[in-house]
Amino acid sequence: MRRVSIVLACAILGSSASSPSFASGCRQLLESDVKIASMRLYADILANAARNGWDYAPDAIVSGSKRHFDEMKQQLTAVGYEIVPVGARPHCPRFDALASE
């Protein structure tokens, strides 16, 4: 994945209602938000490939989507983000405020 994709993913994740405020220094991301961002980016990749005449089998699309998600998680982790699994309780102030509402 290119660096531009990380910036775009962070922009997508940052605009999510459930994502933490990065201004507060919290660097936790919900795994579900990362999955949504990955799916959006992968859909764009597939659309560009289709415009260029490429055609993929459904199995290749599924495995590519999983690989894209795994790589995105690795790259976000490498730049300092913690990916919080669905169902786990994040430790960010923003998440704590949402939980008390």
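The values are calculated or read from the model by the stated rules, or taken from the named source; none is laboratory data. None of the values given here were measured: they were computed from a predicted structure. In this analysis, Cβ positions are derived from the backbone assuming ideal geometry, glycine residues included, and neighbour counts consider all displayed protein chains. To get the accessible areas, we keep the full protein, side chains included, count just its heavy atoms, and leave off ligands, DNA and RNA. Shrake-Rupley method; radii C 1.70, N 1.55, O 1.52, S 1.80 Å.
Annotations for the structure displayed:
- Accessible surface for K66 stands near 120 Å², nearest 10, in the context of the full protein assembly shown (1.4 Å probe).
- Seen from I83, the other residues with C-beta closer than 12 Å to its C-beta sum to a net charge of -1, counting Lys and Arg as +1 and Asp and Glu as -1.
- Projected over all directions and averaged, the alpha-carbon convex hull of the range 29-70 occupies 2.8 nm².
- Close amide H pairs (under 5 Å, H built 1.01 Å from N) link L30 with V84, residues at least 5 positions away or on another chain.
- Ligands, DNA and RNA excluded, the heavy atoms of R40 present near 130 Å² of accessible surface to a 1.4 Å solvent probe.
- Taking all protein chains as they are arranged and a probe of 1.4 Å, the heavy atoms of V62 leave approximately 100 Å² accessible to solvent.
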